[in-house]
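The block underneath contains the structure these notes are about, expressed in structure tokens.
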Amino acid sequence: YDLRFAVQDVQPGDRVACNVFFIWEMLRPLLRGATVVIVPDETSYDPAALVDLLAAKKVTETLMTPTLLATVLSRYPRFGTRVPDLRIIWLNGEVVTTDLARKAIKILPNARLLNCYSACETHEIACGDIRDVVDDDSIYCPVGPYL
């Protein structure tokens, strides 16, 4: 987890929502004394329930696919005000479009949006802050530098 800690560390008081990749994701916050918020499978597939959980549990960090983020932002254009504690979103598993990046930056002005590429066998391979790598002339966001 050291490479990932170098990109974005967690600390006591942080509340990290863990869902799809629970086995891998739960250890990282626990190693730093942060709280793990378990996201049930059925909540992961229901954007309304997911937003309610993120807000109620005051989640500071979560991981989701770009498709799920796009769905949440489409249904909740004021998502940022619903989840004021959310400071970090790790995007993984799919390509991030520039349109989604711009929309997320607008709706979540205080959140760090991290675009990661990983493989099951190696964890993250490359990761970057979307605000630093977004190119308005491109259709897709680059992943970021190698870790």
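For region 48-147, which fully contained helices (runs of 4 or more DSSP H) count at least 1 residues that are surrounded by fewer than 16 Cβ atoms within 10 Å (Cβ to Cβ) and at pLDDT 95 or above?
Those helices (runs of 4 or more DSSP H) span 66-75, 79-82, 98-107.
Any residue at all in region 29-42 that is of a type outside the set (S, T, N, Q), crowded, with 20+ Cβ neighbours inside 10 Å and at pLDDT 95 or above?
Within region 29-42, one or more residues are of a type outside the set (S, T, N, Q), crowded, with 20+ Cβ neighbours inside 10 Å and at pLDDT 95 or above.
What pairs come up if the first residue lies in region 30-45 and is touching a residue at least 24 places away in the same chain (Cβ under 8 Å) and outside any loop (DSSP other than H, G, I, E, B), the second is of a type in the set (Phe, Trp, Tyr) and surrounded by 12 or more Cβ atoms within 10 Å (Cβ to Cβ), and their beta carbons are under 7 Å apart, counting only those six or more places apart or on different chains?
LEU31/TYR1
Are any residues in region 52-98 hydrophobic (A, V, I, L, M, F, W, C), touching a Lys or Arg at 6+ places or on another chain (Cβ under 7 Å) and more than 23 Å from ARG28 (Cβ to Cβ), and if so, which ones?
Within region 52-98, LEU73 is the sole residue that qualifies.
The values are calculated or read from the model by the stated rules, or taken from the named source; none is laboratory data. Bear in mind the structure is a predicted one, so any value in this text is a computation, not a measurement. Glycine gets a Cβ as well: all are built from the backbone with ideal geometry, and neighbour counts include every protein chain shown.
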